[in-house]
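Visitor: Dropping a structure here in structure tokens format, bear with me for questions.
The values are calculated or read from the model by the stated rules, or taken from the named source; none is laboratory data. Computed from a predicted structure; not experimentally measured. Cβ: placed from backbone, ideal geometry, glycine included. Neighbour counts: every protein chain shown.
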Amino acid sequence: MDSLNLTTLQKGQKVVDDAALNAFAAALRGTLITNKDANYDETRAIWNSMIDRRPGLIARCAGAADVMRAVKFARDNNLLLSVRGGGHNIAGNAVCEGGLMIDLSPMKSVRVDPATRRLRVEPGATLADVDNETQAFGMVLPTGINSTTGIAGLTLGGGFGWATRKFGLTIDNLISMEVVTADGKLVRASENDESDLFWALRGGGGNFGVVTSFEFRLHDLPGEVLAGLVIHPFDDAEAVLGQYRQALETAPDELTCWAVMRKAPPLPFLPAEWHGKEILALAMCYCGDIETGQEATAGLRSIGNPIVDVVSPMPFAGWQQAFDPLLAPGARNYWKSQDFAELSDATIAVLLDAVRSLPGPECEIFIGHVGGAAGRIALEATAFPQRNSHFVMNVHARWREKSMDDACISWARALFEATKKHAIGTAYINFMPEDESDRVEAAYGANYKRLTEIKRRYDPENLFRMNQNVKPQAEMPAPS
């Protein structure tokens, strides 16, 4: 391998000679690739096609030892470092420009121990990989809503979806992690081992190291769930959302219902005359007995005069994949997010006004329904800051042509600003785009100071900075 001019942490340039590169490549069980390799463009491509960065080196890791060697190589050469798990993060922080990208996607092991009801997962696995194994044993780990999402990034940011209200966030089910820290060492983090690191990793993102293995507790969820869509005309959205909000006040933990507003895609069960028109969809899932679920969802399903109601029993893994076609790789994406304690009339009015000016047919607004078990965890128990939010808004701008960038991004930003006065100030870091670095401190709220202290102890040089970055707290001078 020829010598390379690579980007440093300070965005300067450093020549790494061929001897050092060849020694690094020879030490890996995986592979080291550059832009001269045939699989370079495929490896650097991620879900959000707006991200088109070109790493100088990509280390495709086969195990924890490879990760340790890659972190040491980046540290010893002062290289800009990024870490790719599933590559689904909206900000695109998986890919750095000119530095070293650690690619964890080959590390996909997922193992269920049915006797102990525990799950061990490597960081390259997707939610589909996890569901495939856990559902075979009639068990579930609460995760997200898109099966192509990587388990690592989702978990480190918190992780919420259809089973969260019943079983908590993904991080609430963590037992331990194996982590390569900035000094290149592998450590175990749990309530009893490196407990501060364990606290920080549960919501603190990729700021503190590279997780090479996750250990989770699992929950029983055998057979089928009651899930599906109830789709309403957008003209009825104000009244429907008002009743939706009221119905959720008494919803059991087993029931989750998200609201989605967009132009209707050509869904096979939706009459053709509605395709391309603005609609409001209530997406619901009941994680429990089907007959009880029919009773629990009756109030939501009786609202208004829906176009279609396709709520029915189905395998949980199938429901987890229901939105995959609408969230496939290859599109340009930009998100803005807010947390709400309540869905007020004023908030609803702002949302409806924005839907009337959607800049493209794939743009949407969704309101995630959270709370339940996740909301009964103390704010200071984990780094995750959103225990008080009951609804999470994601303004999802999605389009195909670069010429639409300005219109779609401006629309998302305008809606974010218009809803700011109704929000509670925290944010889900997995929904934050790369231009929100100034929002990180506010997003973590009261937990931010402790995060900076832990960052200083584990990563004082801020090697892990390609993320929603928590900067290490400056050391206090010794008293004179």
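Visitor: Please verify whether segment 380-393 includes one or more residues that are modelled with pLDDT under 95, among the basic types (Lys, Arg) and farther than 25 Å from ILE51 by Cβ.
Guide: Checked against the condition, which is being modelled with pLDDT under 95, among the basic types (Lys, Arg) and farther than 25 Å from ILE51 by Cβ, segment 380-393 yields at least one hit.
Visitor: On to the next question. Consider LEU80 carefully, then state whether it is within 21 Å of LEU463 (Cα to Cα) and out of contact with any Cys (no Cβ under 9 Å at 6 or more places or on another chain).
Guide: No.
Visitor: Moving on. Anything in segment 60-111 that is of a type in the set (D, E, K, R) and part of a strand (DSSP E or B)? List them, or say none.
Guide: Passing the criteria: ARG60, ARG84, ASP103, ARG111.
Visitor: Pairs please, first residue from segment 369-380 and under 13 Å from GLY159 (Cβ atoms), second anywhere and of a type in the set (Ser, Thr, Tyr) and surrounded by 20 or more Cβ atoms within 10 Å (Cβ to Cβ), Cβ atoms under 7 Å, 6+ apart in sequence or on different chains.
Guide: As it stands, the answer is VAL370/THR164; VAL370/SER389; ALA374/THR164, since those pairs meet every condition given.
Visitor: Regarding ALA322, is this residue in a loop (DSSP other than H, G, I, E, B), among the aliphatic types (A, V, I, L, M) and surrounded by 22 or more Cβ atoms within 10 Å (Cβ to Cβ)?
Guide: Judged against the criteria, ALA322 is not a match.
Visitor: Can you run down the residue pairs with Cβ atoms below 7 Å, 6 or more apart or on separate chains, where the first is in segment 119-141 and closer than 20 Å to TYR286 by Cβ and the partner is of a type in the set (Val, Ile, Thr) and in a loop (DSSP other than H, G, I, E, B)?
Guide: Between residues of segment 119-141 that are closer than 20 Å to TYR286 by Cβ and residues that are of a type in the set (Val, Ile, Thr) and in a loop (DSSP other than H, G, I, E, B), the close pairs are LEU127/THR143; LEU127/THR149; LEU141/THR170.
Visitor: Give the residues of segment 52-76 that are touching a helix residue (DSSP H, G or I) at 6+ places or on another chain (Cβ under 9 Å), of a type in the set (A, V, I, L, M) and buried (at least 17 other Cβ atoms within 10 Å of the Cβ), sorted by residue number.
Guide: LEU57, ILE58, ALA59, ALA70
Visitor: Scanning for something at pLDDT 95 or above, buried (at least 20 other Cβ atoms within 10 Å of the Cβ) and not assigned by TED's automatic domain parsing to the domain that holds GLY150, does segment 400-407 turn up at least one residue?
Guide: Scanning segment 400-407 turns up no residue that is at pLDDT 95 or above, buried (at least 20 other Cβ atoms within 10 Å of the Cβ) and not assigned by TED's automatic domain parsing to the domain that holds GLY150.
Visitor: Quick one: in segment 246-268, of everything that is out of contact with any helix residue (DSSP H, G or I) (no Cβ under 8 Å at 6 or more places or on another chain) and under 20 Å from GLU364 (Cα atoms), which residue is surrounded by the fewest Cβ atoms within 10 Å (Cβ to Cβ)?
Guide: The qualifying residue surrounded by the fewest Cβ atoms within 10 Å (Cβ to Cβ) is PRO268.
Visitor: Still on this structure, I have one more. Taking into account only those residues within segment 97-118 that are without any contact (Cβ under 8 Å) to a residue 60 or more places away in the chain and charged (D, E, K, R), which is nearest to LEU79 (Cα to Cα)?
Guide: If we take residues in segment 97-118 being without any contact (Cβ under 8 Å) to a residue 60 or more places away in the chain and charged (D, E, K, R), then LYS108 is nearest to LEU79 (Cα to Cα).
Visitor: Need the failing condition index for ALA383 against (1) surrounded by 22 or more Cβ atoms within 10 Å (Cβ to Cβ); (2) closer than 27 Å to GLY293 by Cβ; (3) aliphatic (A, V, I, L, M), just the number.
Guide: (2)
Visitor: Now for a different question. Going by the conditions given, is VAL470 within 30 Å of LYS185 (Cα to Cα), free of Cβ contacts under 8 Å to residues at least 40 places away in the same chain and surrounded by 14 or more Cβ atoms within 10 Å (Cβ to Cβ)?
Guide: Numbers: within 30 Å of LYS185 (Cα to Cα): yes; free of Cβ contacts under 8 Å to residues at least 40 places away in the same chain: no; surrounded by 14 or more Cβ atoms within 10 Å (Cβ to Cβ): yes.
So VAL470 fails the test.
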